Amino acid sequence: MTAYNTSMEQILLASESPRRQEFFRLLGLPFVCIPSGADESFDQRLDPKAVAEELAVRKIKKILETRAGDTAPWICGADTLIHLNGKIYGKPRDRVDAERMLLDFQGKTHEVICAIALYNSQKKTYDCRSVASAITFAPVSQGEIDWYLDCGEWQDAAGAYKIQGKASCFITGIHGSYSAVVGLPLREFYAMLRDNGYQYGCREVLAEPKL
C-alpha cells in the first residue's frame with residue numbers, strides 16, 4: 001500500500017516572483033513569501049552556473065541576516081540568468097537595456113540557468129542545484145522588439161523576456177526544462193525536497209539512475 005504525506009512544514013520563499021509563487025501553489029506547498037532584498041550584482045568573469053547558485057544562496061542568507069527566517073523550518077531561494085557568447089545577462093536596468101538584450105538574442109540560441117537553493121533551519125544545511133536549458137529565438141525585426149517592449153513584460157525578467165508570455169511568439173525551440181526557464185525547475189525542486197527530508201509526495205519512490 002502506498003502512503004502519502006498529509007502534513008507539510010511551511011517554506012519561506014525568498015522571492016517576490018509571481019511565477020515561483022504559482023509553482024508553489026501548483027505543488028500544494030504551504031509557504032509564505034518574503035522578498036529577500038539581496039544584492040543581485042555579480043562578476044561577469046565568473047562561471048554562470050556558479051553565479052546563479054551564489055545568488056540563490058545569497059537570498060537565503062539575506063533573509064537569515066534580517067532574522068525573518070527565525071521561525072521558518074525551510075527557506076527557499078532561486079535565481080535565473082542567461083548566458084550567451086561568454087556574457088551573463090540578468091534583469092534589465094531599463095527599457096534601453098532590455099532592447100539591447102533582445103537584439104543580442106534574436107536569431108540565436110542562448111542558455112538559461114535557473115538555480116534553486118534550500119535551507120533546512122533545524123540542521124543548518126544548504127542544498128543548491130541548477131538547471132541549464134537552451135532557448136532559440138527567431139530572427140525578429142526592430143518593430144517586433146518595440147512591440148514587445150511596449151507590452152511591459154520585460155520588466156523584472158531575466159534576459160528581458162518571459163517565455164510564458166508574449167515572448168513565446170519569438171521562440172522557435174527549447175531544449176531542457178520549461179519550468180526552469182519560467183523560474184523554478186520542478187523536477188529538480190521535487191528531488192531536492194525529497195532528498196533533504198521534507199515530507200512531500202509519495203514515500204515510495206524509485207532511485208534516480210546514476211549517469
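The values are calculated or read from the model by the stated rules, or taken from the named source; none is laboratory data. Small disclaimer: the values here were computed from a predicted structure and weren't measured. A quick note on method: Cβ atoms are made from the backbone with ideal geometry, for glycine too, and the neighbour counts reach across all protein chains shown.
Within the stretch 75-96, residues that are more than 21 Å from residue 19 (Cβ to Cβ) have Cβ atoms under 8 Å from residues that are part of a loop (DSSP other than H, G, I, E, B) and of a type in the set (Phe, Trp, Tyr) in these pairs: 95/154, counting only partners at least 6 apart in sequence or on another chain.
Only one of these is closer than 25 Å to residue 25 by Cβ and at pLDDT 95 or above: 189, 137. Name it.
Within the list 189, 137, the selection yields 189.
A search for C-beta distances below 7 Å between a residue of the stretch 97-110 that is among the hydroxyl-bearing types (Ser, Thr, Tyr) and any residue that is surrounded by fewer than 18 Cβ atoms within 10 Å (Cβ to Cβ) and outside any helix (DSSP H, G or I), counting only pairs 6+ apart in sequence or on different chains, returns 109/134; 109/136.
Of the numbered criteria (1) within 20 Å of residue 169 (Cα to Cα); (2) modelled with pLDDT under 95; (3) acidic (Asp, Glu), the one residue 99 fails is (2).
Taking the stretch 121-134 as the search range and keeping residues that are modelled with pLDDT under 95 and farther than 15 Å from residue 195 by Cβ, which one is surrounded by the most Cβ atoms within 10 Å (Cβ to Cβ)? So, considering only residues that are modelled with pLDDT under 95 and farther than 15 Å from residue 195 by Cβ, the one surrounded by the most Cβ atoms within 10 Å (Cβ to Cβ) is 121.
Return the residue satisfying two criteria in turn: it lies in the stretch 140-185 and is surrounded by 15 or more Cβ atoms within 10 Å (Cβ to Cβ) and among the aromatic types (Phe, Trp, Tyr), and of such residues it is nearest to the chain's Cα centre (by Cα). The residue in question is 161. Restricted to helices (runs of 4 or more DSSP H) entirely inside the stretch 1-120, those with at least 2 residues that are crowded, with 21+ Cβ neighbours inside 10 Å and out of contact with any helix residue (DSSP H, G or I) (no Cβ under 9 Å at 6 or more places or on another chain) are 48-65.
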